[in-house]
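The values are calculated or read from the model by the stated rules, or taken from the named source; none is laboratory data. Quantities reported herein were computed from a predicted structural model and do not represent experimental measurements. Ideal geometry is used to build each Cβ from the backbone, glycine not excepted, and the neighbour counts take in all protein chains shown. Keep in mind that these areas ignore ligands, DNA and RNA; they rest on the heavy atoms of the full protein, side chains included. Shrake-Rupley method; radii C 1.70, N 1.55, O 1.52, S 1.80 Å.
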Amino acid sequence: MPLECIYSEEHVDEGDLSLDHFLPRSFVGHDRIWNLVPVARSVNSAKGARLPQPRYLERLVRVHHVIINGVLPTAGSVEKTFLDQYCSDLRLPPDRLTDADALLDAYTGLVLPMMAIAQRMGFPAGWP
């Protein structure tokens, strides 16, 4: 499956791939799967510990919806650990993981308040 950067909307080559923490790692303090998104290395470097514009949230959710739907049917124990992160952190029952609207609602309810807190703590907002 070709990867497209959620920020630049450009194709990301496998050799240029970097994982971005949508909410900066220095804010959340974790590498949970639901907060990671593939981007080009240059985009990840430019973003740094800045908060993205909220309009990118829907694109993040679309990427994760594809990931969940690709993993869920063949999930082994490692994959189930990642799926458990979605359920526990996003407070979403396992049977709702494949529902795109429920996933967007769960992300919105978690990420937008966290972005507001991070901004009040001094993380630069509105990237790019």
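Considering just Cα atoms, how many Å³ per residue does the convex hull of the chain enclose?
Details: hull volume 13.6 nm³, N = 128.
Per residue, the Cα convex hull of the chain comes to 106 Å³.
Average accessible surface for the chain: 55 Å² per residue, computed with a 1.4 Å probe over protein heavy atoms with every protein chain in place.
Counting pairs of alpha carbon atoms under 8 Å apart in space and at least six apart in sequence, what relative contact order in percent does the chain give? All intermediate terms of the calculation are to be shown ahead of the outcome.
On the way: 143 pairs, mean separation 34.6, N = 128.
Over the chain, the number comes to 27 percent.
For the chain, which whole percent of the accessible surface, found with a 1.4 angstrom probe, sits on carbon and sulfur atoms?
Carbon and sulfur atoms account for 54 percent of the accessible area of the chain.
Quick check for me: using +1 on Lys/Arg Cβ and -1 on Asp/Glu Cβ, what's the dipole size of the chain about its Cα centre, in debye to the nearest 20? Spell out each step's value before the answer.
Working: 12 positive and 16 negative charges, 112 e Å.
Its charge dipole is roughly 540 debye.
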